[in-house]
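To start, the structure under review is shown below, and the notes come after it.
The values are calculated or read from the model by the stated rules, or taken from the named source; none is laboratory data. None of these values were measured; they are calculated from a predicted model. Please note: Cβ atoms are built from the backbone with ideal geometry, for glycine as well, and neighbour counts cover all protein chains shown. These accessible areas exclude ligands, DNA and RNA; they are computed on the full protein's heavy atoms, side chains included. Shrake-Rupley method; radii C 1.70, N 1.55, O 1.52, S 1.80 Å.
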Amino acid sequence: MQDGTLSIGIIGAGIMGERLLSAILDQSPPLVTVGGVWDPAPSAMARMAAAFPQVPRLTDAAAIIAASDCVYIASPPAFHLGHARAAIASGKSVFCEKPLAVDVEDARAFVAEAGNRGAVNFPFASSLAVATLMDWIAQGAVGTASRITIEVAFAAWPRSWQADAAAWLDGRQQGGFTREVVSHFLFLSRRLFGPLHALSGRAAFPEAGKSERSIKATLMAGDMPVDLKGSVGSTAKDDHNIWMLEGDKGAVRLCDWSIAERRLPDGTWQRAADALSQVEARPIALRRQIEGVVRLTRGEAHHLATLTDALNVQEIVEAILADDAMPRD
């Protein structure tokens with residue numbers, strides 16, 4: 001830390017690493033600086049050199065850790081905990097992409113080791129649309145809440161903009177839309193209503209060696225029932241998603257990542273007056289995530305997804321995807 005400004009180092013120069021890097025460079029006034037970026041793929045480093053020539057490109061993960069107060073880990077999931085443990089051992093804080101690991105037991109062990117020195121990048125923790133939903137709920141728009149419904153669908157998986165990472169994003173070990181997308185809405189359910197538990201459901205893997213093509217499950221978030229379904233090839237949209245909370249007086253929902261809506265007495269849906277598209281909303285959420293990283297690294301209370309939050313989400317996700325864990329109907 002120099003002159004009170006924190007340094008974030010980035011491991012992984014894919015889409016997520018590039019997004020956070022862009023958000024750091026776009027800050028005004030700056031809260032953090034970039035300690036450096038590293039990716040084992042020469043092509044990724046060449047892309048960083050062309051797009052961000054002002055950012056230090058370091059030689060390996062150890063160099064990133066040494067140059068940073070906090071390490072942002074945006075590598076494929078199989079490498080998350082190796083980098084995270086090295087950063088924690090060096091006295092640095094960790095901001096990690098989800099999932100924490102590809103193995104739940106290893107993730108549990110890491111959470112026990114790391115304590116409060118890490119957080120996970122679930123942007124709904126900083127979403128303006130989620131804040132709007134929470135305000136509506138507090139104002140009584142839903143009344144007594146009775147059920148959460150989560151629905152996701154994709155024209156194809158991986159999505160078109162993820163083609164460069166398709167090798168792992170469509171594999172059984174690390175990929176699939178349940179890990180990549182559904183996890184965000186499970187986190188949101190946990191954040192609003194409590195720990196996730198009492199899971200029952202199934203996942204379908206019709207293509208050998210590929211990730212799931214559909215899921216269906218029920219579970220609880222605290223005392224709130226959650227119905228969940230997802231599928232690939234069932235919509236023409238690149239990415240369709242709805243998180244909805246219903247109650248005895250109405251309903252509210254989050255559509256397409258960033259649009260808050262509430263159901264009126266006549267059954268129609270009214271969009272929030274200040275609703276933003278995902279492209280417009282993302283930079284604002286990233287700025288707020290960076291603010292949380294600053295508080296995390298300083299040892300202060302923060303609003304980010306905790307390691308415990310992320311572990312609970314991962315436990316549910318991996319149980320949905322496990323061949324032998326899901327009752328069949």
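If you take the residues in segment 1-22 that are part of a strand (DSSP E or B) and of a type in the set (G, A, S), which one is farthest from N121 (Cα to Cα)?
In the first step, residues of segment 1-22 are kept if they are part of a strand (DSSP E or B); the result is 2, 5-11.
Still in the list and also of a type in the set (G, A, S): 7, 9.
Details: S7: 17, G9: 15 Å.
By that ranking, first place goes to S7.
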Would you say E261 is of a type in the set (D, E), surrounded by fewer than 19 Cβ atoms within 10 Å (Cβ to Cβ) and at pLDDT 95 or above? no
Considering each residue of segment 23-46, count those that are open to solvent by 40 Å² or more (accessible area, probe 1.4 Å), more than 18 Å from S75 (Cβ to Cβ) and not in a loop (DSSP other than H, G, I, E, B), and give that number. 2
When both residues are 6+ apart or on different chains and their Cβ atoms are under 7 Å apart, which pairs have a first residue that lies in segment 217-243 and is closer than 16 Å to L192 by Cβ, and a second that is open to solvent by 60 Å² or more (accessible area, probe 1.4 Å) and part of a loop (DSSP other than H, G, I, E, B)? G222/P195
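The rows are residues; the columns are (1) in contact with a helix residue (DSSP H, G or I) (Cβ under 9 Å, 6 or more places away or on another chain); (2) closer than 26 Å to D170 by Cα; (3) open to solvent by less than 10 Å² (accessible area, probe 1.4 Å); (4) in a loop (DSSP other than H, G, I, E, B).
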residue	(1), (2), (3), (4)
A63	no, no, no, no
A78	yes, yes, no, no
A84	yes, yes, yes, no
I88	yes, no, no, no
G91	no, no, no, yes
K98	yes, yes, no, yes
A101	yes, yes, yes, yes
E105	no, yes, no, no
E113	yes, no, no, no
Going through segment 181-208 in order, the residues found to be over 16 Å from E315 (Cβ atoms), free of Cβ contacts under 8 Å to residues at least 24 places away in the same chain and either hydrophobic (A, V, I, L, M, F, W, C) or crowded, with 22+ Cβ neighbours inside 10 Å (or both) are A204, A208
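Select from segment 270-303 the residues that are within 21 Å of P29 (Cα to Cα) and small (G, A, S) and write down the one among them that is surrounded by the most Cβ atoms within 10 Å (Cβ to Cβ).
Across segment 270-303, the extreme among qualifying residues is A285.
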Condition set among the small types (G, A, S) and assigned to a helix (DSSP H, G or I), scope segment 115-126, selection nearest to A319 (Cα to Cα): answer is A125
If you scan segment 175-206, which residues turn out to be over 13 Å from the mean Cα position of the chain (by Cα) and of a type in the set (A, V, I, L, M)? L192, L196, A198, L199, A203, A204
Tally, over segment 209-220, of residues that are over 13 Å from F177 (Cβ atoms), surrounded by fewer than 17 Cβ atoms within 10 Å (Cβ to Cβ) and at pLDDT 95 or above: 1
Hey, could you check segment 66-76 for residues that are over 15 Å from the mean Cα position of the chain (by Cα), outside any strand (DSSP E or B) and not aliphatic (A, V, I, L, M) and say which is farthest from A119 (Cα to Cα)? S68
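Right, I150: open to solvent by 10 Å² or more (accessible area, probe 1.4 Å) and under 30 Å from K249 (Cα atoms) or not? Walk me through how you get there before you give the answer.
Numbers: open to solvent by 10 Å² or more (accessible area, probe 1.4 Å): no; under 30 Å from K249 (Cα atoms): yes.
The answer is no for I150.
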